[in-house]
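Asker: Just dropping this structure here.
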Amino acid sequence: MDRPPDPRPEFRRSTRKPGAPRISFTRLTGIALDEIVTHMSDPRLAAHMPLLTGPWDRDAAASFVAAKEACWRRDGLGHWAILADGRYVGWGGFQREGADWDYGLVLRPEAFGLGAPITRKALAFARADARIPHVTFLLPPSRRKLGALGRLGAQLVGEVDYDGARFRKFRLETA
């Protein structure tokens, strides 16, 4: 992240279980494009990413990183590269969508089990950031297991069309 860690104890407190990997967030510009290409080219990702169309190459990865960096410049926040014990496991974070801060998370298949601890850490960040009174989640209809969102307290808002694809939109109050 570009800014110093939040000094408030509720943000610094670790929720990491003993033996669990240390999760950290950094900018996507610090990740080799080939790593992102390999990640986003995995066919298992396309099953739940209706906007993931076409092949990924270095040019696509460079455009992706540039678009995410533009969000950081525009909004002061955006998607991070996510590391587990210093190893790239995916990307995610918050992106401004109108009045909402949408949370997205795209993990490498071998890191799918890290979604809950990563999301807890990201939501702790959101709760400590006065700019984020609520978070939204857009999930395609192919996502059937939604219990984790309910346990977080997220509520279904309805369905939305985003870039020609249908998504279920959930909202979680963070303030």
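Asker: Straight distance only, please: which aspartates and glutamates reach the Cα of K68 with their own Cα at less than 15 Å, same-chain residues fewer than 8 apart left out?
Answerer: D2, D59, E97, D102
Asker: Let me ask another. Which length gain, in nm to one decimal place, applies between L105 and D34 when the Cα-Cα distance is subtracted from 0.36 nm times their residue separation?
Answerer: Working: separation 71, 0.36 × 71 = 25.56 nm, distance 1.92 nm.
Separation in residues times 0.36 nm, less the Cα-Cα distance, equals 23.6 nm.
Asker: If you take the Cα Rg of the chain and divide it by 2.2 N^0.38 Å, with N the number of residues, what do you get?
Answerer: 1.00
Asker: Can you give the Rg to Rh ratio of the stretch 113-175, both from alpha-carbon atoms, with Rh computed by the Kirkwood formula?
Answerer: A ratio of 0.98.
Asker: How many Å² of accessible area per residue for the stretch 107-150, probe 1.4 Å? The partial results should precede the final answer.
Answerer: Values: 2070 Å² over 44 residues.
Averaged over the residues of the stretch 107-150, the accessible area is 47 Å².
Asker: Once fully extended, how much extra length lies between S142 and A175, figured as 0.36 nm per residue of separation less the alpha-carbon to alpha-carbon distance? If you can, show how the numbers build up before the last one.
Answerer: Working: separation 33, 0.36 × 33 = 11.88 nm, distance 2.99 nm.
Fully extending the segment from S142 to A175 adds 8.9 nm.
Asker: Sticking with this one: Would you rank W56, W101 by solvent-accessible area, highest first, keeping every protein chain in place and using a 1.4 Å probe?
Answerer: Numbers: W56 45, W101 10 Å².
Heavy-atom accessible area, descending, gives W56, W101.
Asker: Could you work out what % of the accessible surface of the chain is carbon and sulfur, using a 1.4 angstrom probe and leaving DNA, RNA and ligands out of the count? Display every interim value, and only then the final one.
Answerer: Details: 5270 of 9710 Å².
Within the chain, the accessible surface is 54 percent carbon and sulfur.
Asker: For the stretch 104-153 and the stretch 159-175, write down the distance between their C-alpha centroids in whole Å.
Answerer: Result: 13 Å between the Cα centres.
The values are calculated or read from the model by the stated rules, or taken from the named source; none is laboratory data. All of these numbers come straight from a predicted model, not from anything done at the bench. In case anyone asks, the SASA skips ligands and DNA or RNA and just uses the protein heavy atoms, side chains included. Shrake-Rupley method; radii C 1.70, N 1.55, O 1.52, S 1.80 Å.
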